[in-house]
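For reference, the structure is listed below as structure tokens.
The values are calculated or read from the model by the stated rules, or taken from the named source; none is laboratory data. Since we're looking at a predicted model, the values are computed, not measured. Positions of Cβ are backbone-derived with ideal geometry, glycine not excepted, and every protein chain shown enters the neighbour counts. These accessible areas exclude ligands, DNA and RNA; they are computed on the full protein's heavy atoms, side chains included. Shrake-Rupley method; radii C 1.70, N 1.55, O 1.52, S 1.80 Å.
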Amino acid sequence: MAPDVICVVGVDGYFRKVNPAMIRLFGYTELELLNRPFIDFVYFEDKAKTVSQFKDIAEGEAVSYFENRLMTAAGKLKWLAWTTSNVTEEGLIFGVAKDITEQKGLEDTLQKANSLARIGAWEVDLDRGIVLWSDMTRDIHEAEPGFVPTLEEATNFYKAGTDRETITQIMTAAGRYGTSADTELQIVTVKGKTKWVRVIVEAEFTGKKCTKLYGSFQDIDARKKAELAVTEVLEDRNTILESIGDAFFAVDKNWEITYWNSAAAKLFGKPKSQMVNHNLMEQFPDWIGSETYHKYFDAVATGRAHHLGHYSQSYDLWLESSIYPGANGLSVYIKDVTTRKKAEVLATSILEERNTILESIGDAFFAVDKNWVVTYWNNMAEKVLKTPKNEILDCNLWEVFSGSIGSESYKKYHEAVETNYVAHFEDYFAPLCKWYEISAYPSPKGLAVYFKDITDRKASDIRLKELNASLQRQTRELATSNAELEQFAFVASHDLQEPLRMITSFMTLIEKKYNDIIDDKGRQYIHFAVDGAKRMRQIILDLLEFSKVKTLEDQPEEISLDKAVKEILALYRKQIEEKQARVIFADLPVIYTYKTPLRQVLQNLISNSLKYSTAGVAPEINISCVETESQWEIAVRDNGIGIEPQYFDKIFIIFQRLHNKETYSGTGMGLAIAKRIVENLGGKIWVESVKGHGTTFYFTILKKTGHETN
């Protein structure tokens, strides 16, 4: 059965919690029970022993069984049987109690019944068939004075079923064999009340014939019910002891085990049947001489309770034992705290590991509680803030750094605690002329702060800002200079081309007008002059083009590489046909970029592949494109004369030629222009070649996300 009362009491003697059953049992409201010391409710005769018992509990001696009387709101007495826990770390005692008022009343009745006896007599005259009852027997049956039952009526007073069958068998055996009997059965009285009685049966024989049955008839109803009630209380106690999580056992003064609960059987691997009525020390010989062994004997000798934690090597367990001496021996509660012990060891290990980490990190670190008392201060904090650990631990942060009250750090720390949000910021600490980068992390326990000295970085930032400002100024000046140079290049090219056109024109007129009188040598000189003027004009045009490469005047757009290549090939159709060249490309993608610069690069590379072809071999040009995560890589491969590796970089420099103008025409500007265009578009250009085995030019174009389609 569940206990009637469950409550929690503080060591100050006030109830902290009570269950509804307790409220119903005593008739008080919950508030009335909680607002008065529990001793106010104890019956005055029991107060002294209750106070003494409570004092023992408060000092750590849990109670397995204790009886006292409490007064209800209606002024009635209630007997309670208590079992309590040890005091918790919070100063609380958990108690359960059973209402044994009725059982106590039955015990009193049993005592009176024993003193008064309540024994009647009966007799059956078998010869005459008469049943005789004494007055007490009639009273026990609640029959009228003078009532004389028949044998059948007397038998039918016994409770139908087992009791009636039993008395019938007893009477038959006595009548036949003279067998005596002493038994306890239930009867149902004249008034319908069920009652326990003790029946003693004897037989009297004349010769071999039974002539009389007689005996005593005792009312044992009160005693029997009291015994059953006590048995029920013991069963309730056993139920409680079996339901608690702790192992529990009891021994008498001879160290024989009188109780062994299921938790003890599970903990030690020894069943109750093996332990009860056996000597404790014989069952646990390895305990002899141990600390626990000495505590058991001391508890018996001094009457003092003991509480100890110890490690059992035999069972590889950490245990906590509470030993309570009593009049008949010892009661022992044992709790398995192995899991808790391992957790404590783990927590200690984690704490040590945390401290090792906090001491090894490059950042300074400290922690404060809710009252700004410093609880941790690592070695780096000592160095950075020039404050030894022993001068600040357990001290108020703002008392040590009073000069920082009102500072940015002070405000940010309080803001982090109040809002429970992490704060990241920088602050200047004037006393040390230092800049710090700080991160403050709030928690229920307080604030954890990481910070590092960034004074050097701050100085670098200042220098960097100054350099950036200087660079921006120089950039503006350079932009102005470039604009002026572009203007100069345009004007210069225009002004330079005019005299060259004049030279070409007049030399041509001279050749026509004086053709008849000019010899071959003179014509050769005129040709040299005209050719030089034309080449000079082309160089001027290429320089002007090179100076304009960085300016992207058009807008980016979607460009089909297939279409762009076809348009370029149309320009070189005659040259392609003359050289019987093959240009291979297929399924080139659509890319998003600047059309004119891209076309200029492709045109230059295709033109070079046609120009630098191997004599007597039909040129073959292969154009392909590969997509990467961030760019397009375009390749133009040919089977031309090739380039030696030492010239791979030189060919991209302005005016650098590998061949004379008589063999291959050009000014040496084409690849330099291509390189500048590609780099302006954020890409790069390079070459791979083997002399006599062709050349492959690669260049990349940055992708613009969301525009490319295959």
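For every residue, the table says whether it meets (1) open to solvent by 50 Å² or more (accessible area, probe 1.4 Å); (2) at pLDDT below 90.
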{"residue": "15", "(1), (2)": "no, no"}
{"residue": "18", "(1), (2)": "no, no"}
{"residue": "21", "(1), (2)": "no, no"}
{"residue": "30", "(1), (2)": "yes, no"}
{"residue": "41", "(1), (2)": "no, no"}
{"residue": "60", "(1), (2)": "no, yes"}
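Summed over segment 299-319, residues that are assigned to a helix (DSSP H, G or I) and open to solvent by less than 50 Å² (accessible area, probe 1.4 Å) total 1.
Against the list (1) open to solvent by 50 Å² or more (accessible area, probe 1.4 Å); (2) touching a residue at least 60 places away in the same chain (Cβ under 8 Å); (3) within 39 Å of the chain's Cα centre (by Cα), the condition residue 83 fails is (1). Tell me whether segment 585-605 contains one or more residues that are without any contact (Cβ under 8 Å) to a residue 60 or more places away in the chain, of a type in the set (A, V, I, L, M) and touching a strand residue (DSSP E or B) at 6+ places or on another chain (Cβ under 6 Å). Within segment 585-605, one or more residues are without any contact (Cβ under 8 Å) to a residue 60 or more places away in the chain, of a type in the set (A, V, I, L, M) and touching a strand residue (DSSP E or B) at 6+ places or on another chain (Cβ under 6 Å). Any chance segment 215-224 includes a residue that's at pLDDT 90 or above and touching a Leu at 6+ places or on another chain (Cβ under 8 Å)? No: zero hits. Just one of (1) of a type outside the set (Lys, Arg); (2) at pLDDT 85 or above; (3) under 18 Å from residue 575 (Cβ atoms); (4) in contact with a Phe, Trp or Tyr (Cβ under 8 Å, 6 or more places away or on another chain) fails for residue 664. It is (2). For segment 644-655, the criterion of a residue being of a type in the set (Lys, Arg) and modelled with pLDDT of 85 or more is satisfied by no position. The single residue among 93, 100 that is surrounded by 13 or more Cβ atoms within 10 Å (Cβ to Cβ) and over 20 Å from residue 25 (Cα atoms) turns out to be 93.
The condition (being in contact with a strand residue (DSSP E or B) (Cβ under 8 Å, 6 or more places away or on another chain) and modelled with pLDDT of 90 or more) is satisfied by just one residue among 300, 251: 251. Residues in segment 182-194 that are aliphatic (A, V, I, L, M) and open to solvent by 20 Å² or more (accessible area, probe 1.4 Å) were compared, and the one that is farthest from residue 135 (Cα to Cα) is 188.
In segment 410-430, is there at least one residue being loosely packed, with under 15 Cβ neighbours inside 10 Å and touching a residue at least 60 places away in the same chain (Cβ under 8 Å)? There is no residue in segment 410-430 that is loosely packed, with under 15 Cβ neighbours inside 10 Å and touching a residue at least 60 places away in the same chain (Cβ under 8 Å).
Residues in segment 297-319 that are of a type outside the set (Gly, Ala, Ser) and either under 21 Å from residue 338 (Cβ atoms) or in contact with a Leu (Cβ under 6 Å, 6 or more places away or on another chain) (or both): 306, 307, 308, 310, 311, 313, 315, 316, 317, 318, 319. Of all the numbered requirements in (1) among the β-branched types (Val, Ile, Thr); (2) surrounded by 12 or more Cβ atoms within 10 Å (Cβ to Cβ); (3) modelled with pLDDT of 75 or more, residue 517 misses one, and that requirement is (2). Of all residues in segment 343-382, those that are of a type in the set (D, E, K, R) and at pLDDT 90 or above total 2. Residues of segment 195-225 that are under 19 Å from residue 159 (Cβ atoms) and open to solvent by 50 Å² or more (accessible area, probe 1.4 Å): 198, 225.
The criterion of at least 3 residues that are among the acidic types (Asp, Glu) and closer than 30 Å to residue 203 by Cα is met by none of the helices (runs of 4 or more DSSP H) falling completely within segment 16-129. Restricted to segment 377-397, and to residues that are in contact with a helix residue (DSSP H, G or I) (Cβ under 7 Å, 6 or more places away or on another chain) and farther than 17 Å from residue 434 by Cα, which residue is surrounded by the most Cβ atoms within 10 Å (Cβ to Cβ)? Looking at residues that are in contact with a helix residue (DSSP H, G or I) (Cβ under 7 Å, 6 or more places away or on another chain) and farther than 17 Å from residue 434 by Cα, I get 377.
Which pairs do you get when a residue that is touching a residue at least 24 places away in the same chain (Cβ under 8 Å) and more than 14 Å from residue 645 (Cβ to Cβ), found in segment 684-701, comes within reach of a residue that is open to solvent by less than 20 Å² (accessible area, probe 1.4 Å) and aromatic (Phe, Trp, Tyr), reach meaning Cβ atoms under 6 angstrom, with the pair 6+ apart or on two chains? Matching pairs, first to second residue: 685/699; 701/632. Filtering segment 606-652 down to residues that are of a type in the set (Phe, Trp, Tyr) and touching a strand residue (DSSP E or B) at 6+ places or on another chain (Cβ under 8 Å), which residue is surrounded by the fewest Cβ atoms within 10 Å (Cβ to Cβ)? Here the answer is 648. For segment 459-478, the count of residues that are loosely packed, with under 12 Cβ neighbours inside 10 Å and under 24 Å from residue 377 (Cβ atoms) is zero. Selection of segment 121-138 for residues being crowded, with 18+ Cβ neighbours inside 10 Å and touching a Ser or Thr at 6+ places or on another chain (Cβ under 6 Å) yields only 122.
Of the set (1) out of contact with any Pro (no Cβ under 6 Å at 6 or more places or on another chain); (2) surrounded by 12 or more Cβ atoms within 10 Å (Cβ to Cβ), all apply to residue 161 but (2).
Looking at segment 70-80 only, could you name the residues that are open to solvent by less than 40 Å² (accessible area, probe 1.4 Å) and not polar (S, T, N, Q)? Result: 70, 80.
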